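Bear in mind that the values in this text are calculations on the coordinates, not laboratory data. Computed from a predicted structure; not experimentally measured. Here the Cβ positions follow ideal geometry from the backbone for every residue, glycine too, while neighbour counts run over all protein chains shown.
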């Protein structure tokens, strides 16, 4: 779940605007970031490990000049955490291509072997983004010139090879910006326009609409599944669906946790969808017969506030803030290792004891993945004097790995895998645990856009969109990612280009 953006603009400060986009998308990845800016002939780039604010300053942003650029903030799923895997990535042929990618190719190993044997291309990292870039390079080289139609043809052939969930922005030196989305629309990407004068619009592509808001761009649309959008150096926009029978099946976890609440994804307000999730969850709590025991409702900051507010309204039980979050601790879910996640949880939350002393509390969380945070929260509340601790999750039980761009790789790490509800409650230490129903979760989003045909819900039901995902694949994925997580993660190691 990386954050990507691409901007083509007449602004004299394009690097600063891309920086602002990446800051708005920082929640999508904290491991690394990069910006590449291009004029008509050359590109300049800076990237490295760390937060956006750690990598860029006024001096190095001023040195990134041009009229178009792409940016990336990285969260490593496929690939490791080494500086060489920071994006954007570059290949010199054909034309000079730079690419930033959000998502995962599930057939990356097959493609890597094909690139090696058939094209004699060496992949120098563990990142599937490098594989995707080289596939695009090969397909563009098959065309005799650089035109929108030829780009459509090249990406159409790429779609037939690259299987998974992905959103991509690409910059072609001297030509323009290309953006495209996988045929199922699993990972999000939107685009917007900003009027420069009566004859010309500037364009911005980004993982979420919040990046458009920051720069006063008007949201035009999501990029559709299998759609390719091109903006050339003269600011002409071209678009075409380049895949036969695409179907919108977006990742449902974007709405639960990944996206910012002020984003609009697939014509759905994330904030309103989360309020709807709270509504359905309140009804499930009523069915459990614990309502009369609850004295106070408290959210785990920050995402679950939207759920908790609506639960409090419907149940008519006081909503209180009991947890104080240290703003300088990153999102623990997207920490690169289990050890770092556990250490960060302890530094992340503190409690206002008077809010819960001698009370029965209902803790509202957006989801329960590994259970680390939930265990610590229950212990914290009991030590602070809570009487009973009930927990509820805005998402259903997460039982299976995600293979389309979210770091949920190991079934053994998932607290709900092969455990009954009672066993999960015992593991966490709470008095009662209530999960969201999957059908209710879907309805929460469909209320805002009933035209979405279906959702990618494999972490809940093991129904993977790509048919070759089986137990052998998942076991190999677990082993591969466990090896990569053991590699040294040096957050101060930086590449500057």
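Roughly how many nanometres apart are two label points built 7 Å out from the Cα toward the Cβ at residue 247 and residue 124?
4.1 nm
Taking the Cα atoms only, what angle lies between the long axis of helix 372-383 and the longest principal axis of the chain, rounded to 10 degrees?
Roughly 30 degrees, rounded to the nearest 10.
For a Förster distance of 22 Å, can you work out the FRET efficiency between the beta-carbons of residue 90 and residue 62, rounded to the nearest 0.05? The partial results should precede the final answer.
Values: r = 21 Å, r/R0 = 0.97.
Working from the Cβ atoms, E equals 0.55.
Against the longest alpha carbon principal axis of the chain, how many degrees, from 0 to 90 and to the nearest 10, is the axis of helix 128-141 turned?
The angle comes out near 30 degrees.
For the stretch 3-249, what does the relative contact order come out to in percent, with C-alpha contacts under 8 Å and a separation of six or more? Please list the in-between numbers first.
On the way: 602 pairs, mean separation 51.1, N = 247.
Contact order relative to length: 21 percent.
Give me the percent relative contact order of the stretch 93-214, please, defined on Cα pairs under 8 angstrom at least 6 residues apart. List each step's numbers first, then the result.
Details: 162 pairs, mean separation 31.8, N = 122.
Taking the mean separation of contacting Cα pairs over the length of the stretch 93-214, I get 26 percent.
Quick one: Kirkwood hydrodynamic radius for the stretch 169-305, alpha-carbon pairs, angstrom, one decimal? Walk me through the intermediate numbers first.
On the way: mean 1/r = 0.0579 Å⁻¹.
Over the stretch 169-305, the inverse of the mean reciprocal pair distance is 17.3 Å.
Rounded to the nearest 0.05, what FRET efficiency do residue 313 and residue 451 give with R0 = 30 Å and r taken as the Cβ-Cβ distance? Could you check? Present the calculation step by step, with values, prior to reporting the outcome.
Numbers: r = 28 Å, r/R0 = 0.93.
So the FRET efficiency works out to roughly 0.60.
For a quick check: sort 467, 101, 72, 27 by the number of other beta carbons within 10 angstrom, fewest at the front. Intermediate results must be reported in sequence, preceding the final value.
Numbers: 467 7, 101 28, 72 32, 27 22.
Ascending Cβ contact count within 10 Å gives the list 467, 27, 101, 72.
Using the alpha carbon gyration tensor of the stretch 49-135, what are the three equivalent-ellipsoid semi-axes (square root of 5 times each eigenvalue), largest first, in whole Å? List each step's numbers first, then the result.
Numbers: eigenvalues 138, 53, 19 Å².
In descending order the semi-axes read 26, 16, 10 Å.
Calculate the spin-label point distance for residue 109 paired with residue 283, positioning each point 7 Å from the Cα along the beta-carbon direction, and give it in nanometres.
Result for the modelled spin labels: 4.4 nm.
For residue 479 and residue 437, calculate 0.36 nm times their separation in residues minus their Cα-Cα distance, and state this gained length in nm to one decimal.
On the way: separation 42, 0.36 × 42 = 15.12 nm, distance 3.09 nm.
Result: 12.0 nm gained on full extension.
Gain in length, residue 350 to residue 150, computed as 0.36 nm per residue apart minus the alpha-carbon separation, to one decimal in nm?
The span from residue 350 to residue 150 would gain 66.4 nm if fully extended.
Starting from the Cα gyration tensor of the stretch 160-233, take the square roots of the eigenvalues, sort them a ≥ b ≥ c, and report rounded, prolate or oblate (rounded when a/c is under 1.5, otherwise prolate if a/b is larger than b/c, else oblate). Walk me through the numbers before you get to the answer.
On the way: a/c = 2.50, a/b = 1.48, b/c = 1.69.
Here the stretch 160-233 falls in the oblate category.
For labels at residue 463 and residue 196 in the simple 7 Å Cα→Cβ model, what's the distance in nm?
Placing both labels 7 Å beyond Cα along the Cβ direction yields 4.6 nm.
For the Cα atoms of the chain, what angle does the longest principal axis make with the long axis of helix 14-24, in degrees from 0 to 90, nearest 10?
Rounded to the nearest ten degrees, it is 20.
Round to a whole angstrom and tell me the spacing of the C-alpha centers of the stretch 109-183 and the stretch 2-42.
Rounded to whole Å, the Cα centres lie 21 Å apart.
What whole number of Å gives the distance from the Cα centroid of the stretch 438-467 to the Cα centroid of the stretch 226-246?
Distance between centres, Cα-based: 27 Å.
Quick one: Debye curve from the C-alpha atoms of the stretch 109-255, no solvent, what's log10 I(q)/I(0) at q = 0.18 Å⁻¹?
Once normalised to I(0) and log-transformed, intensities are -1.12.
For the stretch 346-370, list residues with backbone N below 19 Å from a point placed 7 Å from the Cα of residue 324 toward its Cβ?
Answer for the stretch 346-370: 346-358.
Wrap a convex hull around the Cα atoms of the stretch 268-455, take a quarter of its surface area, and give that in square nanometres.
Values: hull surface 42.4 nm².
Over all viewing directions, the stretch 268-455 projects a mean Cα-hull area of 10.6 nm².
Measure of size requested: the Rg and Dmax of the stretch 3-249, with Cα atoms as the atom set and Å as the unit; please supply both.
Cα only, the stretch 3-249: 16.4, 52 Å (Rg, Dmax).
Starting with the fewest neighbours, write out 91, 52 ranked by other beta-carbon atoms found within 10 Å of each beta-carbon.
91, 52
Taking 0.36 nm per intervening residue step and subtracting the Cα-Cα distance, what contour gain separates residue 220 from residue 470 on full extension?
Details: separation 250, 0.36 × 250 = 90.00 nm, distance 3.82 nm.
Gain on stretching residue 220 to residue 470: 86.2 nm.
Provide 68, 391, 45 in ascending order of the number of other Cβ atoms located within 10 Å of each residue's Cβ, fewest first. Intermediate values should be presented prior to the final figure.
Values: 68 28, 391 25, 45 21.
Sorted ascending by nearby Cβ count, the order is 45, 391, 68.
In percent, how large is the relative contact order of the chain, given Cα pairs closer than 8 Å and 6 or more residues apart? Could the numbers behind the result be given before it?
Numbers: 1127 pairs, mean separation 74.2, N = 497.
Over the chain, the number comes to 15 percent.
Which order do the peptides 146-156, 370-380 come out in when sorted by mean C-beta neighbours inside 10 angstrom, highest first?
Details: 146-156: 18.4, 370-380: 20.1.
Packing proxy ranking, top to bottom: 370-380, 146-156.
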